[in-house]
Structure formats: structure tokens, C-alpha cells
Amino acid sequence: MRIIWYECKMDVLRTFRYKMGLVSDLVIYTLLLCFFFWSNTGQSFQELYGVENYQALLLLGYVAWTFSVTAISTIASQLLAELQRGTLFFKLHSRLPLQILYLGDLLSSVLVQTIVVIIYSVVTYFFFGVRYTVTLPIVAAFLISILGMYGIGLMIAGLSLYYKRIGAIVLLVQLFLLFVTDTIPTSPVITEVSSVLPLTMCNTVIRNSFVHKDLGMTFLLLCVVSLLWFAAGYIVFDCFMKQAKKKGNLLLY
């Protein structure tokens, strides 16, 4: 736990020392969300969930997507940075496997993105009058979904070890998640397929919680799906790590 804590602390200090990444995230996420509100994206949520406040439902899904793309991109970006700096070899000799060690970086990224979420929520409150309440089930759904999406991030990080530059893949995955996971209104046919993703299940849980629907089965499915993705990501990352060592990729950065 101390190792994970120090990983988190170092990454937080690094983020606030080099602020451009934080500022760019804040600007991009805020402008994109404002565009959705200006274009009345999400009106179909009114009929689907039986509420007039469709903007709050859109905002909750957008928050879930923000945390999810952070969980996916964190380990791949940190891993490549460690390889380029030549510090990954120290972590390879840690008592903890990298998949667990990078949970500290995940925690740091989630804390930083929470600041971004608070700021763009305040902006949309003043400009669009969007109000929503964060309850305990919603927070729990966010955290469980983040863990599952971190598993997907482990898979992408494994690819980055073996194939190196895969920045375009990360961007494509982030955009793909925005349009197929019901973050913005998505066809029921597509969401039935994408329900195997933690983010899609998370969106269902948080919106059902917002309109006070029963969460029993959907929350259980979210837990199962997230656990399976984390386990799959853990195994896939380990396989790619072994193959990268055999190929000598870790020596060529």
C-alpha cells in the first residue's frame, strides 16, 4: 500500500508541476460537453427514463466516460514515459506486479480528473442550469467501472509494450466509447452489444439511480463485467510483457 501511495503522490506532483496537460483536458472536456448541450444532445433520455431533466442524465454519462477514458489511457502513457526515461526497470524489480503498481497512477489520474469534472460541472450549472446529485450508488458505480476500464487499459498498455507507438489506437478507443456506450444517446441494438463493457453498464446504473429505479441486477452485472475485464486485462498484459522481454523490446526505447 505504501508503494502504491508513493506512486500516486509522485504522479500528482508531476501533474501539477507540468500543468498544461491538466489545462488542456479541462478545456477540451468542457468545450465538448458545452457543444452537446448547445446541440440538445440527449433529448431522447426524456422518453427513455421518463424525466424532463435529460441534461443531468447526459452529464452523468459524460462524467462516467471521462473517468473511463482516463483509466484506459493512464497506464499506457505512464508505461511509455517510464520506458523513455529508463525508470521502468526499477519497477520491474518491485515486489508488486506492474498491473498492481500502476494502480497508484490510476488513483492519481482519477483524483486529477475529479477536479476537471467538478469544474466543468460548475460551468454547465451556471451556463445551462444543469443540476444533479451524486449519491453513494453513483459513486460506487463510477469506481467499479473505473476498475473494469483499467483492465481494458492494461490490454492497450500490453500492446504498447510490444508494438510501441499506439497513440492513435488510444484515441480511437476513446471516441468509440463515447458513441457506443450510451454516453450520448445510442441505438438499443448497439447498447445491447456494448453492454459487455463496464462503461455501458455504469451508464445504466447511474441513470437508474438518478430516476430511483431498482439497481439490484444491473449493479451486480456491472460488478461482474468489471471484474472480468480487470482479470482479462491483467492476464493479457502479462502475456505481452513476456513476449516483449523475449523480443527485446524493452531495450530499444
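Annotations
- Enumeration of residues in the range 168-192 that are in a helix (DSSP H, G or I) and out of contact with any helix residue (DSSP H, G or I) (no Cβ under 8 Å at 6 or more places or on another chain): Ala168, Leu171, Leu172, Leu175, Phe176, Phe179, Pro188, Val189, Glu192
- Residue in the range 234-253 that is farthest from Phe89 (Cα to Cα), counting only those that are of a type in the set (Phe, Trp, Tyr) and modelled with pLDDT of 85 or more: Tyr234
- Within the range 12-43, the set of residues being in a helix (DSSP H, G or I), open to solvent by 60 Å² or more (accessible area, probe 1.4 Å) and more than 23 Å from Ser108 (Cβ to Cβ) comprises Leu31, Phe35, Trp38.
- Test: residue in the range 194-215 that is assigned to a helix (DSSP H, G or I), at pLDDT below 95 and exposed (fewer than 14 other Cβ atoms within 10 Å of the Cβ): no
- For the range 119-164, a tally of residues being β-branched (Val, Ile, Thr) and within 16 Å of the chain's Cα centre (by Cα) returns 6.
- Matching entry among Gln46, Gln78 (being assigned to a helix (DSSP H, G or I), more than 19 Å from Phe142 (Cβ to Cβ), among the polar types (S, T, N, Q) and under 17 Å from the mean Cα position of the chain (by Cα)): Gln78
- The sole residue among Leu88, Leu107, Leu98 that is more than 26 Å from Ala140 (Cα to Cα), among the hydrophobic types (A, V, I, L, M, F, W, C) and in contact (Cβ under 8 Å) with a residue 12 or more places away in the chain is Leu88.
- Evaluating Tyr150 against the criteria (1) in a helix (DSSP H, G or I); (2) surrounded by fewer than 18 Cβ atoms within 10 Å (Cβ to Cβ) leaves one unmet condition, (2).
- Meets criteria (among the small types (Gly, Ala, Ser) and without any contact (Cβ under 8 Å) to a residue 40 or more places away in the chain) for Gly50: no
The values are calculated or read from the model by the stated rules, or taken from the named source; none is laboratory data. Everything numeric in this text was worked out from a predicted model, so none of it was measured. Every residue, glycine among them, receives a Cβ derived from its backbone with ideal geometry; neighbour counts consider all protein chains shown. Keep in mind that these areas ignore ligands, DNA and RNA; they rest on the heavy atoms of the full protein, side chains included. Shrake-Rupley method; radii C 1.70, N 1.55, O 1.52, S 1.80 Å.
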